[in-house]
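Enquirer: Before I ask anything, here is the structure I am working with.
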Amino acid sequence: MQQRTTRVNPSEETIKIGPLGIRFLLTGDDSNGSVSVFEVLVPVGQKLAAPAHKNDAYEEILYGIKGVLTWTVDGTPIEVGPGQALCIPRGAVHRFDNLGSEDVKQLAVITPAIMGPAYFREAAEVIGAAAGGPPDRAKMTEVFRRHGMTVAAPPPAK
């Protein structure tokens, strides 16, 4: 029988996706697959580099710590600031932008823990390969699919 060790922030891993920072506090390995918890650091003026997407089999809960991040959920912009929480339900198309005047720090909770550090490492690789341009949609679609997400259809051309 394996001895269980309980400690604060057992994962404590930071992943960079361009200027964004993701710091994992807990992963599915730490919680028997029930929850992933991580901080999201978004500098002023930054937008989600990956395309808008939906979570197929988990909820995503965001809690504002510093700054205001604008989440667009099913076409509706929602500002989440310090002390505010937002639950993005399964199947809702979403993305975020830091339109404010300060860097943002939010806490994200994924339940169950289908998405974890592997998603962010793989996404960082695809986004980094784009060298500042839009990431390869087919490659991002495959990364999303492996981690329980679906890329949203691109907006109609005007």
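Enquirer: What do you reckon, is Tyr119 touching a helix residue (DSSP H, G or I) at 6+ places or on another chain (Cβ under 9 Å), surrounded by 18 or more Cβ atoms within 10 Å (Cβ to Cβ), of a type in the set (Ser, Thr, Tyr) and within 23 Å of Asp30 (Cα to Cα)? Break it down into steps so the answer makes sense when it comes.
Expert: Values: touching a helix residue (DSSP H, G or I) at 6+ places or on another chain (Cβ under 9 Å): yes; surrounded by 18 or more Cβ atoms within 10 Å (Cβ to Cβ): yes; of a type in the set (Ser, Thr, Tyr): yes; within 23 Å of Asp30 (Cα to Cα): yes.
So Tyr119 fits the description; yes.
Enquirer: On the basis of being farther than 24 Å from Pro134 by Cα, basic (Lys, Arg) and either in contact with a Ser or Thr (Cβ under 8 Å, 6 or more places away or on another chain) or surrounded by fewer than 19 Cβ atoms within 10 Å (Cβ to Cβ) (or both), does Arg95 make the cut?
Expert: no
Enquirer: Of everything in the stretch 51-82 that's under 25 Å from Ser34 (Cβ atoms) and among the small types (Gly, Ala, Ser), which residue is surrounded by the fewest Cβ atoms within 10 Å (Cβ to Cβ)?
Expert: So, considering only residues that are under 25 Å from Ser34 (Cβ atoms) and among the small types (Gly, Ala, Ser), the one surrounded by the fewest Cβ atoms within 10 Å (Cβ to Cβ) is Ala57.
Enquirer: Got a number for residues in the stretch 43-67 being touching a Phe, Trp or Tyr at 6+ places or on another chain (Cβ under 8 Å), within 20 Å of Val143 (Cβ to Cβ) and of a type in the set (A, V, I, L, M, F, W, C)?
Expert: So the answer is 2.
Enquirer: Tell me which residues, restricted to the stretch 39-71, are hydroxyl-bearing (Ser, Thr, Tyr) and either modelled with pLDDT under 95 or within 23 Å of Glu13 (Cα to Cα) (or both). Steps first, please.
Expert: Taking the stretch 39-71 and keeping what is hydroxyl-bearing (Ser, Thr, Tyr), we get 58, 63, 70.
The answer is Tyr58, Tyr63.
Enquirer: Within the stretch 110-146, can you find the residues that are farther than 21 Å from Ser11 by Cα, part of a helix (DSSP H, G or I) and aliphatic (A, V, I, L, M)?
Expert: Val126, Ile127, Ala129, Ala138, Met140, Val143
Enquirer: Further question: For Thr150, work out the one condition from (1) at pLDDT 95 or above; (2) touching a His at 6+ places or on another chain (Cβ under 7 Å) it doesn't fulfil.
Expert: (1)
Enquirer: Being surrounded by fewer than 18 Cβ atoms within 10 Å (Cβ to Cβ) and either touching a His at 6+ places or on another chain (Cβ under 6 Å) or polar (S, T, N, Q) (or both) is the filter here, so list the residues in the stretch 19-50 that pass it.
Expert: Selection gives Ser31, Asn32, Ser34.
Enquirer: Here are some conditions: (1) of a type in the set (A, V, I, L, M, F, W, C); (2) closer than 22 Å to Ala152 by Cβ; (3) modelled with pLDDT of 95 or more; (4) not in a loop (DSSP other than H, G, I, E, B). Leu107 meets all but one. Which one does it not meet?
Expert: Result: Leu107 passes all but (2).
The values are calculated or read from the model by the stated rules, or taken from the named source; none is laboratory data. All of these numbers come straight from a predicted model, not from anything done at the bench. Using ideal geometry, Cβ is built from the backbone for each residue, glycine included, and neighbour counts are taken over all protein chains shown.
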